[in-house]
Structure formats: structure tokens, C-alpha cells
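Heads up, the thing below is written out as C-alpha cells.
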Amino acid sequence: MREALALRSPRPQDFVMLSANAHLVATFLLNIFAFLTAVGMFFMKSNNYAGALAAFVAAALISLVGWRTLARDQSVRMFGLIICIGGLLALAAMIGSGQFLGVSFFADPTVQNGSLMMAIYFMISAMFFGSDQYAKGSWGPEWAKKMIARQANSPWMSALTFLGSMIFVSGTWIILYRLTDSMAAPLALAGVQLLVVGYCFVQYRKALAAKSQPAA
């Protein structure tokens, strides 16, 4: 999305909002990638090779979208939309199977709540990839954009925003715990996801710093 940021978002608040959205969506997708990789490794250890293959394929696709979004590559936008809709439908199937079909694994209220949080962010990500208004950074009234952009520009407020995105992947810890019946696995996953959040936040601050520098 480098060209989009340079050509489509001439106003500072538009660039800040587009950059914040892109980095937060990338953070979420890369955290899902970390979860699917952990699930694939568990399935391999359990000799469930079909499950491991499905988890690794999904992880690879989501990883591709996450890294390219972090690099602000506009060409991945349509693929990202398809991936996010697929993730949303998969989570809807999980929630429905637990609530209406009585599948015991997914019927647990904590799994249901965690799956709902992930589904919400997959929906937000699909809106980001699928809407021209989000891609151009031109959505919303000016006063709202200026207020949100001011918060996104603040190092402390933006850091809290990125850290708060961990709430939307908290369901991955619950699912991994129920799969492995061990606290070590979800704790390790949470640690990796926290590192992902920190890395994406640093990239976001670098993008803002680079934009604020005068052109040579």
C-alpha cells in the first residue's frame, strides 16, 4: 500500500488512519498465523496429519496476507478480503456447531466468547480490505478523523491500542488449552503473539516517523 499511502492520503490524518488500520489488521492476522502454526504442530504430534495439513495451509495463506499488509502492499487487498471472509465463515460454523448442534468442544462458553471476538475482528479486517473508503482513508466526518488521528499519533495511546488488540485473539489461548490440556502451550502462544504486537507497533511508529520527515 506504499503507493496508496503516498497518492491517496495526502492529508496527515488520512495517512495516520490508513497506517493504523493496516498495521492493526496485520497484527491480528499474524497472531492468527501463530495460533494456526501451534495447532498444526499439535496435530502433527497427535498423528492427525489431515488436521496438520489444513492448519499449515491456512497459516501460510494468512501469513502471506499479514506480512504483505504490514508492508502496505495494495496488491494483496482482494486476497485479504477472501481470507477474512473465509475466517469469518469458519468461526461462524464453529459458533453454530457449538450452540445449535451441541458439539461439546465448541459449546463451552469461553470458546464461544473467544470465537466471537475473533469473528468480530475478521469482519473488521474484511471491511478494511473490501471498502474503498477505508483504503483511501476518507471515511467519517472530519472532526472524528482528527480526534482519532490525534490518538493514533500519540505513542502511549497507540501502544495501548495495539496491546488491546490481544483481546481479539484471547480465544486462541482457550482453544489451544482445550486441545493440549496444558497451560504451557497457551502461555507460549501468548508470548509469541505479544512479540508480534510489539513488532507491528514498532513498524507502525517507523511508518509515521518516515512520513513526518520532509522530502529530500
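The numbers here are math on the coordinates, done by the rules we state, and not lab data. The structure presented is a predicted model; accordingly, all values stated were derived computationally and were not measured. Here the Cβ positions follow ideal geometry from the backbone for every residue, glycine too, while neighbour counts run over all protein chains shown.
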*For ALA159 and VAL192, what does the FRET efficiency come to when R0 = 22 Å and r is the distance between their Cβ atoms, rounded to the nearest 0.05?*
0.75
_Distance between modelled label sites at ALA107 and ILE148, nm, 7 Å Cα→Cβ extension_ = 4.0 nm
*Quick one: net charge of GLY198's neighbours, Cβ under 14 Å, K/R +1, D/E -1?*
+2
